[in-house]
Amino acid sequence: MRKIIAIALVTVACSASLTLATASEAAAAGRAPQCVKVRKYFSKDHQRYVRLTNLCTQRTSCFTIVVPHHHDPRGSLPKGATKDVRYATTGTPRALYVKNIPC
């Protein structure tokens, strides 16, 4: 009897973890991979920059820099690259965040 209950519990646990894994994969399928990572925000010679790194070593990644009340600059990073991206002058607001987008 104990063996049957143990087998039933293992079956329930496995099916629950499979359901969670399938649900998270389905949720991630509609989004771009989270490859672009912000390393640093800085200003130099009256220009605003953000240092970005592409954490995906197998593909080029695309991004949008979100700046309040201004046009959001877009770009791409080659696989495994780190780059300083100029996005505005110091007279404009600082970027809120960098969003990964599909290429």
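Quick look at the values:
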| item | result |
| --- | --- |
| Sites matching chymotrypsin sites (Phe, Trp or Tyr not before Pro) across the stretch 45-103 that sit in DSSP coil, with at most 14 neighbouring C-beta atoms within 10 Å | none |
| Label-point gap, in nm, between LYS83 and TYR97 - each point 7 angstrom along Cα→Cβ | 2.2 nm |
| Loop-resident sites, the stretch 34-103, for trypsin sites (Lys or Arg not before Pro), counting at most 14 other Cβ within 10 Å (DSSP) | ARG59, LYS79, ARG94 |
| Alpha-carbon spread of the stretch 47-103, three principal axes, descending order, Å | 37, 19, 13 |
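Every number here is computed from the coordinates shown, using simple stated rules; none is lab data. Only a predicted model underlies this, so the values are computations on that prediction, with no experimental measurement involved. All Cβ positions, glycine included, derive from the backbone under ideal geometry; neighbour counts span all protein chains shown.
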